[in-house]
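Note sheet for the following structure.
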Amino acid sequence: MALPKNFLQPGSNLGTINLIADVIFPKTGPKSVQTKIIKKSKLIVDRALLKAQPKIERAVRIAIGQAIRSRKEYKSLISSQFGSLRAEMGLDNAVQRVNAIVEAWLASIKVTFKKGRTSNGELKASLRVTMGKADYSDVLFKPEALIKTAKGDVLEWLRALLLWGDKIIVVDYNVFEGTFPNPPSRTGRAIMTRRKGSRWSVPAEHSGTANDNWLTRALNGIQPKIEDIILKAFTKGT
C-alpha cells in the first residue's frame, strides 16, 4: 500500500486512502449466489473498518504527536537555553503554551471510513483522515498562541512561527541575551533593547510559511509510519 505524496498536509482533509479488493464469483450458478457473496464481502469489510477505525485513530495521533515533538522547532520553543525560540520570542509558560497547541492539533485528528461498494468485480472502501484547518485558525486564536506584552501589545508568536517566514516583526530593537528578572524579561533569558537600525524576525532555521513550517515538516517525515499503522490494522485481525 502506498499513500499519495501529498497525503499528509494540514487542513480539513489530510487524505483519503482507497482500499480495493477483488471479489471472486463462482463461474457458474444463479445470480442470487453472486448477490449473497457481494453482501457477505461488504459486511466483512465494513466490520473490519469499523473495528480498525478507533485503533488507527489512536495510533495516528500518537505517531503524529511524536513527530511534532521530535522537531527542532518544538525543542527550541520549550528550551531554557540562550538563543532558543523560547528566549527569542519571550515565551512565558512555554511548555504549557506549546503543548496546548500540540494537543489541539492531535485532538482534531479524525479517521472515518466509507462503507464498501462493488464496481466491476471489485469491492471498494476508503478511510479518510482529517486534521485541523488549512489556515491554522483552529490554533492561531487560542490564548496560548498569544502573548500580551508589558506595553499592552499582543504578540502572535505562533502565527509568526508558522506563517510569516522571514518577515521583519520588530524594528529598532535587538534581542539581548543574559539573566534577567521578570519583569522585564518574561523568560529570564533575554530582553529587547533599543538599537537603531536593528531588525528582528523569526530565526531562519525555524521560520515557516503556510506550506513549509514546523507542522508540515513533521507531517512530511511521518508518512511511512502512517502507512505501516494502517497496514498493520488490517493484517493483524483488528
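The values are calculated or read from the model by the stated rules, or taken from the named source; none is laboratory data. These numbers were taken from a predicted model, which means no experiment stands behind them. Neighbour counts run over all protein chains shown; Cβ positions are idealised from the backbone, glycine included.
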Which residue is farthest from the chain's Cα centre (by Cα), if the candidates are limited to region 126-145 and must be part of a loop (DSSP other than H, G, I, E, B) and of a type in the set (Gly, Ala, Ser)?
Ala134
Of all residues in region 104-125 being among the small types (Gly, Ala, Ser), surrounded by 15 or more Cβ atoms within 10 Å (Cβ to Cβ) and outside any helix (DSSP H, G or I), which is modelled with the highest pLDDT?
Ser108
Starting from residues that are more than 22 Å from Arg159 (Cβ to Cβ) and polar (S, T, N, Q), keep the ones in region 37-84 and report whichever is farthest from the chain's Cα centre (by Cα).
Ser41
Within region 17-40, is even one residue at pLDDT below 70, over 21 Å from Ile109 (Cα atoms) and in contact with a Pro (Cβ under 8 Å, 6 or more places away or on another chain)?
yes
Could you tell me how many of the residues in region 196-210 are at pLDDT 90 or above, among the polar types (S, T, N, Q) and surrounded by fewer than 19 Cβ atoms within 10 Å (Cβ to Cβ)?
1
Here are some conditions: (1) modelled with pLDDT of 65 or more; (2) exposed (fewer than 13 other Cβ atoms within 10 Å of the Cβ); (3) of a type outside the set (Lys, Arg). Met89 meets all but one. Which one does it not meet?
(2)
Restricting the search to region 211-237, which residues are surrounded by fewer than 19 Cβ atoms within 10 Å (Cβ to Cβ) and polar (S, T, N, Q)?
Asn211, Thr216, Asn220, Gln223, Thr235
Do the conditions hold for Arg217, that is, is it at pLDDT below 90 and not hydrophobic (A, V, I, L, M, F, W, C)?
no
